[in-house]
Amino acid sequence: MKSNKRHFSFKVNTIQQALKIMSICKNNNVLPIFFIQFYIINGFGPDWIIEFRNLLLKNFSKNTFKIFADCKKNYGLFINLVQHKINYLKVNGDRNTLIRLSQIAKKNKISINPKITVIDITNIKNIESKIYKCLRKKKK
């Protein structure tokens, strides 16, 4: 049975941005997908994204958000994030490598390279108005 929630993907840098988005999306029946760029994961390490998810799980349930991470060509990071059950992963590579990685992801029920539009809110001060504008666009 499918839920009637809409999905939006937001590029975030901090937990405060994520918490603000979660509170807005919860009121509007929207399932947020948090996109985390490669340079953040590469700088802080894969443990940062796991702690990010754990901090969100303290305040919200598991089914109220998803995480989308960019791995570029770092296949070790990809395998690490697959083991930790990150929902969506974006990875670059040649055809044979992508086939092998997709087999690993399929076994662990992870989606790789989904076609999701990402809304960049990292430098926006009034996040609420940006989300409401996106919601109005999607309704039309």
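Looking at Lys137, Lys73, just one residue is surrounded by fewer than 17 Cβ atoms within 10 Å (Cβ to Cβ) and modelled with pLDDT of 85 or more, and that residue is Lys73.
Determine, yes or no, whether Phe34 is out of contact with any Leu (no Cβ under 7 Å at 6 or more places or on another chain), surrounded by 12 or more Cβ atoms within 10 Å (Cβ to Cβ), modelled with pLDDT under 90 and among the aromatic types (Phe, Trp, Tyr).
Numbers: out of contact with any Leu (no Cβ under 7 Å at 6 or more places or on another chain): yes; surrounded by 12 or more Cβ atoms within 10 Å (Cβ to Cβ): yes; modelled with pLDDT under 90: no; among the aromatic types (Phe, Trp, Tyr): yes.
So Phe34 fails the test.
Those residues that are at pLDDT 90 or above, within 15 Å of the chain's Cα centre (by Cα) and surrounded by fewer than 17 Cβ atoms within 10 Å (Cβ to Cβ), I need them from segment 43-63; list them, please. Answer for segment 43-63, where residues must be at pLDDT 90 or above, within 15 Å of the chain's Cα centre (by Cα) and surrounded by fewer than 17 Cβ atoms within 10 Å (Cβ to Cβ): Trp48, Ile50, Glu51, Asn54, Leu55, Leu57. Restricting segment 50-89 to residues that are basic (Lys, Arg) and in a loop (DSSP other than H, G, I, E, B), the residue that is farthest from Ser23 (Cα to Cα) is Lys73.
Of all residues in segment 101-111, which are outside any loop (DSSP other than H, G, I, E, B) and touching a helix residue (DSSP H, G or I) at 6+ places or on another chain (Cβ under 9 Å)? Walk me through how you get there before you give the answer.
Just the residues of segment 101-111 that are outside any loop (DSSP other than H, G, I, E, B), to begin with: 101-107, 111.
Hits for segment 101-111 are Leu101, Ile104, Ala105, Lys107, Ser111.
Listed by first and then second residue, the pairs with beta-carbon distance under 6 Å, at least 6 apart or on different chains, first residue in segment 55-73 and within 30 Å of Gly93 (Cα to Cα) and among the hydroxyl-bearing types (Ser, Thr, Tyr), second assigned to a loop (DSSP other than H, G, I, E, B) and modelled with pLDDT of 90 or more, form an empty list.
What residue, among those in segment 1-16 that are assigned to a loop (DSSP other than H, G, I, E, B) and modelled with pLDDT under 90, is farthest from Phe38 (Cα to Cα)?
Among residues in segment 1-16 that are assigned to a loop (DSSP other than H, G, I, E, B) and modelled with pLDDT under 90, the one farthest from Phe38 (Cα to Cα) is Met1.
Whenever a residue of segment 35-51 is touching a residue at least 60 places away in the same chain (Cβ under 8 Å), its partners that are basic (Lys, Arg), lying with C-beta atoms within less than 7 angstrom and at least six residues away or across chains, give the pairs Phe35/Lys11. Note on segment 112-132: among residues that are out of contact with any helix residue (DSSP H, G or I) (no Cβ under 7 Å at 6 or more places or on another chain) and farther than 23 Å from Ile15 by Cα, the one that is surrounded by the most Cβ atoms within 10 Å (Cβ to Cβ) is Asn113.
The values are calculated or read from the model by the stated rules, or taken from the named source; none is laboratory data. Because the structure is predicted, anything quoted here is derived from the model rather than measured. Here the Cβ is made from the backbone with ideal geometry for all residues, glycine too, and neighbour counts use every protein chain on show.
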